[in-house]
Amino acid sequence: MHPPPDGANPLLYTVLVFLHMLLSMLAVGFNFTYVIWILRGTRDQAMLPFALKTVKFIDDYLANPFYLIAGLTGVLMILMGKQIGSFLWVAIAIYVVAMLVAYLIYTPLLGRQIRVLAAEGPDSAAYQQVAQRSSIVGAGMGAAVLVIVALKIFEPSFW
Ligand code: HEM
């Protein structure tokens, strides 16, 4: 149950919790399809450009905007009076770092991966290098959102 904070409009608060959990659930789910698209594209190299462009489409127009709205609904829940436990501060810090990495590193890296693939092909050293970098950054962000979900469910107390 997600009891509304004292004085908060129960319906509005519950709608925020619903949106927060739905959008963050969808965004995490979308993220975990990237490895499937990329593995299948890598196996069938004629499909690799389509696979990478699909990952970029999902990332730019679905996953990242959903994370942003999830963050906004999170802030609104706090402004409505939701108590912030230490786990939530840690989750928010991980969220901020993950969103900065997403927009400042992963998105440009994926764009470069698509361009280098078109210019130099999948077997080129330049493509292999950028593909490895985006896989490492992508895996790191995947781990970050899993840690956020675990923090939200287990609610550990750090201080
Ligand atoms: C990747 C990003 C995020 C994910 C996956 C996520 C996921 C979740 C989940 C699964 C819950 C429900 C936990 C439960 O059942 O008790 C939750 C609750 C909550 N989240 Fe997030 N969250 C994210 C980011 C944020 C951010 C950035 C904030 C604040 C700015 C935030 C604030 C909250 C609050 C206040 C609740 C408690 C709602 C309640 O129980 O009344 N979340 N979040």
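Annotation note: Cβ proximity below 6 Å between a residue of segment 55-80 that is closer than 14 Å to Gly29 by Cα and a residue that is surrounded by fewer than 17 Cβ atoms within 10 Å (Cβ to Cβ) (sequence gap 6+ or interchain) occurs for Phe66/Leu26. For the structure I just gave you, tell me whether Ile58 is open to solvent by less than 70 Å² (accessible area, probe 1.4 Å) and over 22 Å from Pro4 (Cβ atoms). So Ile58 fits the description; yes. In the set Ile84, Ile38, only one residue is open to solvent by 20 Å² or more (accessible area, probe 1.4 Å) and under 17 Å from the mean Cα position of the chain (by Cα); that residue is Ile38. When segment 110-130 is filtered for residues that are of a type in the set (A, V, I, L, M), out of contact with any Gly (no Cβ under 9 Å at 6 or more places or on another chain) and without any contact (Cβ under 8 Å) to a residue 60 or more places away in the chain, the ones remaining, listed by number, are Val116, Ala119, Ala125, Ala126, Val130. Within segment 17-34, residues that are in contact (Cβ under 8 Å) with a residue 60 or more places away in the chain and under 23 Å from Gly138 (Cβ atoms) have Cβ atoms under 7 Å from residues that are open to solvent by 60 Å² or more (accessible area, probe 1.4 Å) and within 11 Å of the ligand (Cβ to nearest atom) in these pairs: Val28/Val149, counting only partners at least 6 apart in sequence or on another chain.
The values are calculated or read from the model by the stated rules, or taken from the named source; none is laboratory data. A quick note: this is a predicted structure, and the numbers were derived from the prediction, not measured. When we count neighbours, we look across all protein chains shown, and the Cβ atoms used for this are built from the backbone with ideal geometry, even at glycine. Side chains are part of the model used for accessible areas, which takes the heavy atoms of the whole protein and leaves out ligands, DNA and RNA. Shrake-Rupley method; radii C 1.70, N 1.55, O 1.52, S 1.80 Å.
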